[in-house]
Structures are given as C-alpha cells and as structure tokens.
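The values are calculated or read from the model by the stated rules, or taken from the named source; none is laboratory data. Values in this document were obtained by computation on a predicted structure and should not be read as measured data. Cβ placement follows ideal geometry from the backbone for every residue including glycine, while neighbour counts extend to all protein chains displayed. Surface areas here come from the heavy atoms of the whole protein model, side chains and all, with no ligands, DNA or RNA. Shrake-Rupley method; radii C 1.70, N 1.55, O 1.52, S 1.80 Å.
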Amino acid sequence: MYHFAYFLLLLAQIASIGGAGYALAQAWSGRTDGLRVVEKIHFPVTGAFALSSSILLYALSSRDYSLNYVAGYTDNALDFFYCLAAFWAGQPGSMLFWALSVAIMGSIFALTRGYGETPERSRLWFWIFFFGITGFFATLLVLWSNPFLMTEPAPADGSGLNPLLQNPGMIFHPPLLFLGYGGFTVPSCMALAQAVCGREGARPWYQSTRGLLVTAWCFLTAGILLGAWWAYMELGWGGYWAWDPVENASLIPWLIGTAALHTLILERGRGKLTRVNTLLISLTTISGFFATYLVRSGVVNSVHAYGQGPVGAPLLCFIAFLCAATLLIVCCSEKGRGELENPFSREGALCLTSLIFLVLGFIILTATMWPVFSRLWSSAPMGLDARFYNSVCLPLGTLILLLLVVCPALSWKFGVQNRTWLALSLAGGAAVAVLAWLGSYQRIHPLISQFAAGAIAAGCLAALVPGLAAGRTGFRAGSIGAHLGVALCAIGIAFSGPYNQKNDLVLAEGSRAKIDAYELTLKSIETGRAVDYEYLRAVLEVRDADGTLLATLKPEKRAYDKFQGMLFSEVDVAASFGKEVYASVSGLDGKSNMVVQVNIEPMVSWIWLGGVVLSLLPLLNLRRRRNGAATADASGEGADGSAAKAA
C-alpha cells in the first residue's frame, strides 16, 4: 500500500511537470487546441495527492509503525484525533498536506465561472505556473521528504507526538495556514498569467479569483490567531506572541497579502497600480514558501522548527527562481492607467496603509534573518529579541490604526468627505480612551492605540448594525466586519500587552496570596500519573474582593515517559473579557511549597473575539453580487466606496 502511495506521488510529479511542459509548448506556438487536455491533468494531480494523503491518514489512525512517519509521531497512548493531527506534525506530512491544499484550491478554481470566463491563452499560462508549483511539491516529496519510508521489523510502539502539539489549537492551526498558502497560490498564478497575456477582453484576475482570495486570507488570519491562542494556552509563559522566527514567517505573507487587498481597491475602482498588485499577490505566495524554508531548513532556531533538513536547499533555489521570474514578468507587463491622487485623499491613505504593511513585513523579515546576516561579520551570530520588534513594529501598527480611522472619511480626490461619520468615530475613540484613563491605564502609546481601536470599532458598528438589521450583507458588511475584528484585536493587545502582571508565588497548602483585586488560595498539591506522564498539580481557588468564588484553577507540570529530561506546562485560566487570571506551575521548592506563576491578563480575550470576527465576517464578501461589482469597478465608489466610508 505504501509503495502504491509513493507511486501516486510519482504520478503527481510526472503529470504536473508534463502538464506544465505541454501547456508551455502550446503557449509558445500560439496554439490553444490542447487546453482541454491540460485542464484535465489537474484531476490526476489532485487525485494522487488526495489518495496518498488518505493512505497516510489511514496509517496514522491504525498506528502502523512499519511506516517511519507513523512511528516517529504517534504511539499507543496518543488520542485518536491527535493521531490524525500528526499528519502535519512532521516535515514530510506537512509538505504533503500543503501540496494537497494547493491542488484542491486549483481544482476548485477550475470549476468556477470565473475560470470559465477567462480567455484560453490566459488559462494555458495559469496552468503553466500552477503545475510548476505542484510539480515542485511532488518532486520534494519524491526525492527529499518522502512520508512513505518503511522500516522492518516494525516497532511495537512509536516515539509519540511532542506534548506541545497535543493541544486542540494544533489540530487546526497548521492546516489553516497551509490552506491559506494554498489559496493564495491560485490568484498568484492567475495574476502572472494575465501579466503575460494581457487583460484585453478578460475579467481581471482579482475578480475571477475573488472567492479564493478572500477565503485564503481568512484561512491565513485564522491560522495565525489560533497559533497565538495555542502559544498562550500551551507554552506557559503567559504571552501569545514572542516574535519567534516561525511566528514571524507566517505573519509576513499575511502582511503582504493584506497590503495587496488594500491596493486592489485602487485597481478595482480606479484602474491603478496594476503592476504593483501583480507583484504583491505573487510575493504573498513566495513568502509562504519562505516561511516553509525557515521552518524546515534549520537556518534559524525556533521552538516550532523541524531543524536542519534536506529540503532547505531545494526550497531556497525555488524561491530564488520564483522571485526572478516574477520580477521579469511584472516588469514586462502593462501598466495601470492614471496617476495617484493627492496624498491627503482616500487613495493616498490607502497607499500609505499598504506601504506600512510592507515596511512591517520587511522589518520583520530582516530582523528574523539577522542571525544569518550577522554571520557575515561575526563568528557569533546575533539575534534580535522581542524588545526590538515591540519598539519598532508596535508604533507602525498604531499608525495603521490611526489611518483606518481617517481613511474612510476622506474623499477620493482631496480632503474630508464624511464629516459626520468621522466625528462619530472620534467620539467613540475618545470614550474608550477616557475609560482607559479612568481605569488607570494611562501609558501614552497604549492610550493612542486604544483611542484608535475604539474609533474604528465605533465607526464600523455605526455602519454595520443598520445594514445587518435591514438584512443587507455582502461586500460592505464583510469589509466593515474585517476592520471591526482588527479593532477588537487591537483593544486586546493594547491592554494585555503593556499591562500584563506577572507574579511568582511560593505557597504552602492552605496559604493565601492577594494579587490585584483577587485572592488566591492553594487548596491542595496533587501528584499522580496518567497514561503516559506524571504530573504535579496545584489546585487554586480564585476569589474576588467580595470573597465570591470565581474559578478553581488546576494548572499542572508534566513529565512524559517518552520525553525524558523535559517538563511541560499545562496552564489553567479563569477566562474573562475583563481581567483574566492565568496560572501555571513552576514546581516545588526545597520545603515542598508550590511555586506557581499567576498572571493578570487584562482584556486578552478580546484578541480571540476579534480573531473570530476577523476570520469569519470577511466571508460575507463572497455574497457580493456581480452587478454590484461592475458598478463599483466603473465608478470607484459603489460597493468599494461605501464600504471604505464606513469600514
């Protein structure tokens, strides 16, 4: 069965490379009569990836340890769902899942009306680029990262899944990222295809791929935020973003893709920045490959990385080739029409917002790779810690928030157009800032962010609630909802980041401690054994100032049988949309007292609420009607303009 699965990967490789070559020969000769053959090749490619993935899932679910991958990432004690999640826990499995995501997204696009309305020559070039990517994935899996290697005799038990990955967040976080990367592949290939062929008589690529473009962005957003939630709940340090290299690697494609979504407003409504948008959407996909390179090459150290592996060099070569090909195609493509308007206009604000997103991406990329760059002049590589990122990136993030307050009120030409809406937004922001000040949250930078987030939220609610009450959804509600989600996340970050309180307590059984407005009592210290680990547990009662019991927390420190020499935290949280109590166990001191870390996390849950809004409401964009799109594209107002006024 596993030999057959490997044969399927070979089939995907041969079909992809053959399909790309045949399509290129057709395009080179100016013919399109072979397009039907090229289009049918995606069925065996997708089928091969899907069937080989099903075989791997079967092996994981049945715990067939004759397969190296299964023996390396599962064991007899592992829960069934974590056995399935082990599919993307290791390098070969995650590469296969990403290849599957790309193939599925391409097959979905091939069935859409947008693809059917694309001229035949553009379709040929689309498949040239698309099969080039699936062919590269298949080659990686066949030559360097084969998930179907076997061992004889099969061991009686496997090595087990890293306990850090045994968390519900890791069931969904990696696949959402890969689905996001895979989804962006389709508009990237279509944008390059139209850059080669021109757009005369064709629907623009951002219209024909709009559904996948929006969905991919939502998947990537959800994956990043779910990863932050996993870090908060699993790593035990009380934070949710440590500027880890692999965290940064997933953020860079999101920043570039978000910049592209904003500059696309100008192309869709005004016919401008055509080359820029082709470049940005292509860089979104390329940066996804770069994220994979960081995780799998061993070039940087990370708690998430797989360490040094054989796929690093092929990935780096492929990234270099994609960059060169993209730049060549973009430089030779047709320009957009018209010049940009005055900087003090909606066009200017949109361009500045996108530019800041790109600057953030460049800063994060440079800082992440700094240990590599520093080797050029130092024998001891130097890394940049969270203080650098916070001091540079957070002010730029605040500037984006302020632009989101002002931009919707600006005219497309010059000056303020919607003064009433701007006044309402500013009033909402001022109310949030005043409440924060009265609550003793008085640091200047967070206060500015809180004001901006409150202003965005007030403006979004003022536009969103009447529309939803009247039953109107679609593009306007989706765009406004995305900005509302940003505002909620920003509120959570502006309060929880600078005002987080960390307390290391040493408690005997029955002793009490006061932290902020809470009283904590250590009711008991428990030790015991589960199926595959031993644990040390603290049972903590949390009461408010009135003595009311709010929660009983049971954080643990665990020692797993198959991960000797390593201790893992299992935190517990008294969740709240106000101040949240977060507890983790450090261990016992020399007197058998419990050492616990208790954090007070103000409004951190607003990040998770905002993440849900930010990941789901943009999907309402998929309900936008074609006639509404045509009106917006022709005027630069309509759906885009009205959304921009209120988003």
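Quick look at the values:
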{"item": "Solvent-accessible ranking of D157, D244, D546, largest area first, probe 1.4 Å", "result": "D546, D157, D244"}
{"item": "Listed residue (I17, F178, C351) projecting farthest to the positive dipole end of the chain, Cβ model", "result": "C351"}
{"item": "Probe 1.4 Å, all protein chains present, accessible-area order of K514, K502, largest first", "result": "K514, K502"}
{"item": "Positive-end extreme of charge dipole, the chain - chosen from T134, L410, Q564 (charges on Cβ)", "result": "L410"}
{"item": "Helix-only [θ]222 nm of the chain, DSSP H runs n ≥ 4, -39500 (n - 2.57) each, per residue, nearest 500", "result": "-20000 deg cm²/dmol"}
{"item": "C-alpha center-to-center spacing [region 78-139, region 396-419] in angstrom", "result": "38 Å"}
{"item": "Mean accessible surface per residue for region 62-162, computed with a 1.4 Å probe while every protein chain stays in place, in Å²", "result": "34 Å²"}
{"item": "About the Cα centre, charge dipole magnitude for the chain (Lys/Arg +1, Asp/Glu -1 at Cβ), debye", "result": "2080 debye"}
{"item": "Region 157-196 and region 22-75: distance between their alpha carbon centers, rounded to Å", "result": "16 Å"}
{"item": "For region 216-230 versus region 330-352, the gap between their alpha-carbon centres in whole angstrom", "result": "30 Å"}
{"item": "Cα gyration tensor shape of region 527-613, rounded if a/c is under 1.5, else prolate or oblate by comparing a/b with b/c", "result": "oblate"}
{"item": "R0 of 41 Å, Cβ-Cβ distance E541-R113: FRET efficiency to nearest 0.05", "result": "0.10"}
{"item": "Only Lys, Arg (+1) and Asp, Glu (-1) charged, at Cβ; region 1-107 dipole about Cα centre in debye", "result": "320 debye"}
{"item": "Solvent-accessible surface (1.4 angstrom probe) belonging to H445, in square angstrom, nearest 10", "result": "70 Å²"}
{"item": "Which of L614, V311, L78, positive extreme of dipole for the chain (C-beta unit charges)", "result": "L614"}
{"item": "Accessible area in square angstrom per residue, region 556-614, 1.4 angstrom probe", "result": "40 Å²"}
{"item": "Sulfur and carbon atoms: percent of accessible area, the chain [1.4 Å]", "result": "64 percent"}
{"item": "Whole-number accessible area per residue in Å² for region 368-491, which is evaluated in the context of all protein chains at 1.4 Å", "result": "47 Å²"}
{"item": "Relative contact order of the chain, defined on C-alpha pairs under 8 angstrom at six or more residues apart (%)", "result": "12 percent"}
{"item": "Dipole in debye (nearest 20) - region 40-162, about Cα centre, beta carbon charges: Lys, Arg +1; Asp, Glu -1", "result": "580 debye"}
{"item": "Shape call, the chain: gyration tensor on alpha carbons, a/c limit 1.5", "result": "oblate"}
{"item": "Accessible-area ranking of R123, R443, largest first, probe 1.4 Å", "result": "R443, R123"}
